[in-house]
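Engineer: Here it is: the structure, laid out below.
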Amino acid sequence: MIHTPAGSKPEPGPEYLQSTRFLDADSDAVRRFAEQAAGAASNDIERAVKLFYAVRDGVRYDPFSMRLDPAIYVASHVLAAKSAYCIPKAILLAAAARALGVPCAIGLSDVVNHLTTEKLKALMGGTTYFMHHGYAVLYLEGKWVKAAPAFNIELCTRFGVLPTEFDGRSDAIFQPYDAKQRRHMEYVKDHGCWSDFPYDRVEADFRAFYPLDAFAETSPGEKFEDGVRVI
């Protein structure tokens, strides 16, 4: 696995097109999803944009789905689950991109969510600091661009969050302010990017930083409205 540190760009190569343990781009499910999402797109930019929106809005964002289980970080599993938090959604986007021949890496950064709910804050041990926010890093028209497909449009509408939009040419990352101009997401530390998902590192960091309750199974009886968990 290749790690490119913060401030540097990966050297394009076959490692960013390979099917891997987590980015299982050669699985039937991922390939079928990628082909259906891309449709009649005629170039890599168009394909990448269509994949971004298919992942952003087709897989419901669920921050309470964090688990210390490598199985949930496999792209084909994300498709089957139909809900995930930022890292698995980024993995699915990266794997789907590779399935269509678009080089892709996994990026990780720490963020502060100034608008996190009290329920999620309590689960995270009282912090608004979120370690290892995940996003895809795609190689398009000779440059690497970030794409964070985490927040589905239903969630954005419900909570007044500005949706992350992607044109394939510039970074699509979380917005610093919401629709009411309240401070929202703050990127505080860039960990760089990897040619595959560095599960062992993320697991170790999560165990050291978060309370174990943060990774408990979903509570029975939790409800969703319009594609958003009632939190």
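Engineer: Specify the residue that is modelled with the lowest pLDDT; the eligible residues are those in the stretch 209-231 that are closer than 15 Å to GLY126 by Cα and exposed (fewer than 12 other Cβ atoms within 10 Å of the Cβ).
Structural biologist: First, pick out the residues of the stretch 209-231 that are closer than 15 Å to GLY126 by Cα: 209-215.
Now drop any that are not exposed (fewer than 12 other Cβ atoms within 10 Å of the Cβ), which leaves 212-213.
Working: LEU212: 77, ASP213: 72.
Within the stretch 209-231, the match that is modelled with the lowest pLDDT is ASP213.
Engineer: Same structure, new question: Can GLY168 be described as surrounded by 16 or more Cβ atoms within 10 Å (Cβ to Cβ) and more than 26 Å from GLY125 (Cβ to Cβ)? Step through it out loud before you land on a result.
Structural biologist: Values: surrounded by 16 or more Cβ atoms within 10 Å (Cβ to Cβ): yes; more than 26 Å from GLY125 (Cβ to Cβ): yes.
In short, yes.
Engineer: Might you let me know whether the stretch 41-56 holds any residue that is in a strand (DSSP E or B) and either in contact with a Lys or Arg (Cβ under 6 Å, 6 or more places away or on another chain) or not aliphatic (A, V, I, L, M) (or both)?
Structural biologist: Filtering the stretch 41-56 down to residues in a strand (DSSP E or B) leaves none.
Checked against the condition, which is being in a strand (DSSP E or B) and either in contact with a Lys or Arg (Cβ under 6 Å, 6 or more places away or on another chain) or not aliphatic (A, V, I, L, M) (or both), the stretch 41-56 yields no hits at all.
Engineer: Out of ALA99, ALA105, ALA90, ALA95, I need the residue that is under 19 Å from TRP144 (Cβ atoms), touching a Gly at 6+ places or on another chain (Cβ under 6 Å) and of a type in the set (Gly, Ala, Ser). Which one?
Structural biologist: Working: ALA99 fails: touching a Gly at 6+ places or on another chain (Cβ under 6 Å); ALA105 fails: touching a Gly at 6+ places or on another chain (Cβ under 6 Å); ALA95 fails: touching a Gly at 6+ places or on another chain (Cβ under 6 Å).
Being under 19 Å from TRP144 (Cβ atoms), touching a Gly at 6+ places or on another chain (Cβ under 6 Å) and of a type in the set (Gly, Ala, Ser) holds for just one of ALA99, ALA105, ALA90, ALA95, which is ALA90.
Engineer: Would you point out the residue of the stretch 147-189, among those that are basic (Lys, Arg) and either in a helix (DSSP H, G or I) or free of Cβ contacts under 8 Å to residues at least 40 places away in the same chain (or both), that is nearest to ASP44 (Cα to Cα)? Please lay out each step first, then the result.
Structural biologist: Of all residues in the stretch 147-189, those basic (Lys, Arg) come to 158, 169, 180, 182-183, 189.
Imposing the further condition that a residue be either in a helix (DSSP H, G or I) or free of Cβ contacts under 8 Å to residues at least 40 places away in the same chain (or both) reduces the set to 158, 180.
Values: ARG158: 32, LYS180: 35 Å.
Among residues in the stretch 147-189 that are basic (Lys, Arg) and either in a helix (DSSP H, G or I) or free of Cβ contacts under 8 Å to residues at least 40 places away in the same chain (or both), the one nearest to ASP44 (Cα to Cα) is ARG158.
Engineer: Quick one: in the stretch 77-128, of everything that is assigned to a strand (DSSP E or B) and out of contact with any helix residue (DSSP H, G or I) (no Cβ under 7 Å at 6 or more places or on another chain), which residue is nearest to ALA48 (Cα to Cα)?
Structural biologist: Checking each candidate, the answer is GLY107.
Engineer: Something else about it: Among VAL145, VAL112, which is the only one that is among the β-branched types (Val, Ile, Thr) and within 28 Å of GLU11 (Cα to Cα)? Don't jump to the end; show me each part of the working.
Structural biologist: Working: VAL112 fails: within 28 Å of GLU11 (Cα to Cα).
The match here is VAL145.
Engineer: Could you give me the residue pairs with C-beta distances under 7 Å whose first residue belongs to the stretch 117-129 and is more than 11 Å from PRO211 (Cα to Cα), whose second residue is among the charged types (D, E, K, R) and not in a loop (DSSP other than H, G, I, E, B) wherever it lies, and which are 6+ apart or on separate chains?
Structural biologist: Listed by first residue and then by second, the contacts come to THR128/LYS121; TYR129/ASP110.
The values are calculated or read from the model by the stated rules, or taken from the named source; none is laboratory data. All values reported here derive from a predicted model rather than from experimental measurement. Using ideal geometry, Cβ is built from the backbone for each residue, glycine included, and neighbour counts are taken over all protein chains shown.
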